[in-house]
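J.: Have a look at this one.
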Amino acid sequence: FQNEINEVPFFDVQLPYELALKIFRYLGKAELGRCAQVSRTWKILAEDEVLWYRLCQEEGYLLDMSISDHSCWKLALKNCRAREQMLKTNWKNRVGAVSQLRYEPGRVLCDVHCCDGVVMAGYTSGEVRLWDTRTWDYTAPVLAAVAGPGGAGAPPHVSFVRINSSLAVAAYEDGTVSVWSLLLGQEPIHHFQHNQRIQALALAPGGSAVATASGFQVKVESPDDRGFWQTPATFEIQKLVNFLNLVPDVTGSPVAVAAAEDIVYLLKAEDPGRVLHSVYGQPVTCLDVAAHEAAFGIKTFGWLLNEPNQILLYNLETNQCVTKVGSSIGDFSCVNLHSSPPNMLVAGNKDRRVRVFDLRRGAAACSVYGHQLGVSAVQMDEWKMVSGGHEGLVCVWDQRMAAKLWEMHARHPVRLVWFNSHSLITANIPEEKNPRGSSITEDDPSLHRKYRGVIYSYEFSVDQLAADSVLPICRSSYDELTGYNYNIGLAVPYDSI
């Protein structure tokens with residue numbers, strides 16, 4: 001005769017529904033499942049939408065949704081976990097679709113950058129292209145460049161490209177820099193010029209600041225509140241800059257970190273001459289910056305003086321060295337700090353090894369050997385690592401097992417490795433932009449295929465791409481007139497003759 005709608009029987013105690021719900025909030029998924037088998041009233045309580053919405057948010061799923069967006073959050077959590085397991089299985093077994101982001105012949109790839117699945121590429125023709133791999137639509141719009149004086153002469157090569165969620169930036173060989181807005185169209189919204197060649201280009205990951213290094217000068221450009229671009233700071237440096245990064249999530253004036261040979265500068269508008277690290281004769285070999293920390297590799301005098309090469313981690317708020325990791329005879333050629341899990345860091349070395357460091361212990365948690373000519377690009381997450389080498393090999397590693405899952409090879413060095421939960425972007429960029437003794441023109445497709453460089457896009461969510469989960473060459477038809485990409489129209493599994 002008890003009222004089980006408003007009161008929940010906890011053995012011999014009658015509790016209000018809201019109080020019983022607060023008690024059940026301390027239970028996990030398995031405990032809620034066991035409680036649902038006690039009685040009908042406990043089943044209703046254990047399957048309350050508030051409990052499962054909280055569990056879904058705690059595990060990192062559907063963070064941008066409210067509780068009213070799903071009618072059954074228990075089923076939503078189950079589907080999210082099943083999708084995550086499916087993606088992990090596909091990553092390990094290399095199940096999915098792979099495509100090349102192609103471009104017309106006669107153009108050599110110069111630089112590639114990626115942000116959230118949007119790929120930006122610059123070519124020797126001076127053109128800059130964008131691909132949005134999130135929509136599986138690989139038509140690449142061209143970002144219009146600023147016309148030169150009189151329009152005479154061939155356009156300069158693209159030196160660097162950078163992209164974030166709102167802006168795209170390209171630096172050219174003649175020292176010009178163009179900035180486009182991804183929301184306003186294909187015409188540049190800002191343009192400025194350097195007198196010398198640009199050695200480094202940086203774009204804030206979540207902001208709108210652009211930093212360039214040319215000669216002994218570092219210039220920072222950013223828009224004000226009304227959208228007018230200005231130069232909040234210009235820094236004079238004693239040596240030529242090798243690496244340049246902008247610190248993300250900075251309020252106020254932009255903050256840059258620049259490595260010039262054996263000196264690392266922390267460039268702020270209020271303190272322009274801050275030297276973060278300087279040891280004579282120990283040049284910096286790689287650099288990466290997170291919100292509050294900077295990691296860079298240094299080349300020491302070598303094994304003769306018992307000083308192995310190391311990676312230093314500095315706190316950008318205190319300007320002090322937090323820890324030193326690594327002990328290698330080879331130079332550290334690449335380091336990834338900003339996209340690594342908390343308290344973790346992954347680095348590649350010229351001794352052909354990829355190392356994962358636990359910054360809390362100051363020791364290597366994993367070390368794998370795989371690239372014959374040294375590592376050129378790395379990235380990691382909670383369970384895997386992806387590395388690229390100078391010989392053109394892309395390797396996917398299982399961090400816990402320290403074993404290679406699979407590999408992919410192309411001709412040129414791997415300069416970009418970017419991935420998220422369901423996709424992977426790699427770019428093989430040639431060292432030689434103007435090969436001697438050969439004319440890369442539209443009339444010679446074999447030479448173009450040899451020297452052009454290539455961008456690969458892997459998609460592992462095969463449930464969404466069931467019709468496109470075969471190789472692109474098997475999806476080709478005979479409608480295309482151009483023959484340089486050798487679309488031979490294989491009859492597997494079907495053909496559209």
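The values are calculated or read from the model by the stated rules, or taken from the named source; none is laboratory data. Worth saying up front: this structure is predicted, and the values here are computed from it rather than measured. Heads up, the Cβs are rebuilt from the backbone with ideal geometry, glycines too, and the neighbour counts pull from every protein chain shown. Quick note on the areas: whole protein, heavy atoms, side chains included, nothing else; ligands and nucleic acids left out. Shrake-Rupley method; radii C 1.70, N 1.55, O 1.52, S 1.80 Å.
J.: Filter segment 395-422 for residues that are under 15 Å from the mean Cα position of the chain (by Cα) and either hydroxyl-bearing (Ser, Thr, Tyr) or in a loop (DSSP other than H, G, I, E, B) (or both); which is surrounded by the fewest Cβ atoms within 10 Å (Cβ to Cβ)?
T.: Ser421
J.: Is one or more of the residues making up segment 186-194 in contact with an Asp or Glu (Cβ under 8 Å, 6 or more places away or on another chain), open to solvent by less than 70 Å² (accessible area, probe 1.4 Å) and free of Cβ contacts under 8 Å to residues at least 40 places away in the same chain?
T.: Within segment 186-194 (the criterion being in contact with an Asp or Glu (Cβ under 8 Å, 6 or more places away or on another chain), open to solvent by less than 70 Å² (accessible area, probe 1.4 Å) and free of Cβ contacts under 8 Å to residues at least 40 places away in the same chain), the answer is yes, since at least one residue qualifies.
J.: Let me ask you something else. Looking at Trp418, Trp406, can you tell me which residue is at pLDDT 90 or above and in contact with a Cys (Cβ under 6 Å, 6 or more places away or on another chain)? I'd like the intermediate steps shown before the answer.
T.: Values: Trp406 fails: in contact with a Cys (Cβ under 6 Å, 6 or more places away or on another chain).
Going through Trp418, Trp406 in turn, just one is at pLDDT 90 or above and in contact with a Cys (Cβ under 6 Å, 6 or more places away or on another chain): Trp418.
J.: Which of the residues that make up segment 340-351 are surrounded by 17 or more Cβ atoms within 10 Å (Cβ to Cβ) and in contact (Cβ under 8 Å) with a residue 24 or more places away in the chain? Lay out the reasoning, then the answer.
T.: Let us first name the residues in segment 340-351 that are surrounded by 17 or more Cβ atoms within 10 Å (Cβ to Cβ), namely 340, 344-351.
Within segment 340-351, Ser340, Met344, Leu345, Val346, Ala347, Gly348, Asn349, Lys350 meet the criteria.
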